[in-house]
1. Which of the residues that make up segment 125-145 are in contact with a helix residue (DSSP H, G or I) (Cβ under 6 Å, 6 or more places away or on another chain) and more than 14 Å from F79 (Cα to Cα)?
2. Specify which of the listed residues (A20, A14) is away from the ligand (no atom under 13 Å from the Cβ) and over 19 Å from A83 (Cα atoms).
3. Let me confirm something: among A67, A99, which residue is more than 16 Å from R144 (Cβ to Cβ), away from the ligand (no atom under 16 Å from the Cβ) and without any contact (Cβ under 8 Å) to a residue 40 or more places away in the chain?
4. If you go through segment 1-33, how many residues are touching a helix residue (DSSP H, G or I) at 6+ places or on another chain (Cβ under 8 Å), free of Cβ contacts under 8 Å to residues at least 24 places away in the same chain and either loosely packed, with under 13 Cβ neighbours inside 10 Å or part of a loop (DSSP other than H, G, I, E, B) (or both)?
5. Please determine, by comparing only the residues of segment 110-124 that are free of Cβ contacts under 8 Å to residues at least 60 places away in the same chain and of a type in the set (G, A, S), which one is surrounded by the most Cβ atoms within 10 Å (Cβ to Cβ).
6. Report the residue count in segment 34-64 for those that are within 14 Å of the ligand (Cβ to nearest atom) and loosely packed, with under 15 Cβ neighbours inside 10 Å.
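What follows draws every value from the coordinates through simple rules; no lab data is involved. All figures in this text were calculated on a predicted structure; none of them were measured in a lab. Here the Cβ positions follow ideal geometry from the backbone for every residue, glycine too, while neighbour counts run over all protein chains shown.
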Amino acid sequence: MPEKLRVVCPHCDATNAVPADRQPLSAKCGRCHDKLFKGVPAALDGARTRKHIRNSDLPLIIDFWAAWCGPCRAMAPIFEQAALTLEPKARFIKVDVDANPDIASEYSVQGIPALLVFKNGQVVARQAGVTDLGTLRSWAEQFRS
Ligand SMILES: [Zn+2]
């Protein structure tokens, strides 16, 4: 286990080094001073999402969705519950595929909702369709630092 975890701020995208033995839920960003974890998914665009993929030591669980997609609306409260209960084991990010088609095609997202898990810059798990809280929890446990 590394002595410090790189945690990317969901508000300003600064990479913070958080001591691994400290409770990260209380940690604040060194740049914008906001809390690094608030128990809510971070809605990011493609460019910001790439920064998180590149710089985060935490597993990232990303929900690719769109406003017109009914199953995505069913997924949304499950994903919010996951962020509330599973942070800081993982970072939960939402990407609107209509606004960000480039990153969706880069990672071959076709049907939505699509849940992708990133660890150390790589896709380590993915599932199409509504994904239950138990699966999200098992990913967070399996890939945590
Ligand atoms: Zn910040």
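1. A125, the sole residue that qualifies.
2. The conditions single out A20.
3. Being more than 16 Å from R144 (Cβ to Cβ), away from the ligand (no atom under 16 Å from the Cβ) and without any contact (Cβ under 8 Å) to a residue 40 or more places away in the chain holds for just one of A67, A99, which is A67.
4. Looking only at that region, the number is 0.
5. Among those residues, the one meeting the criterion is A114.
6. 2
Per-residue answers, yes or no, for (1) assigned to a loop (DSSP other than H, G, I, E, B); (2) within 22 Å of A20 (Cβ to Cβ); (3) among the hydroxyl-bearing types (S, T, Y):
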residue: W68; (1), (2), (3): yes, no, no
residue: M75; (1), (2), (3): no, no, no
residue: E80; (1), (2), (3): no, no, no
residue: P88; (1), (2), (3): yes, yes, no
residue: V95; (1), (2), (3): no, no, no
residue: A99; (1), (2), (3): yes, no, no
residue: S105; (1), (2), (3): no, no, yes
residue: L115; (1), (2), (3): no, no, no
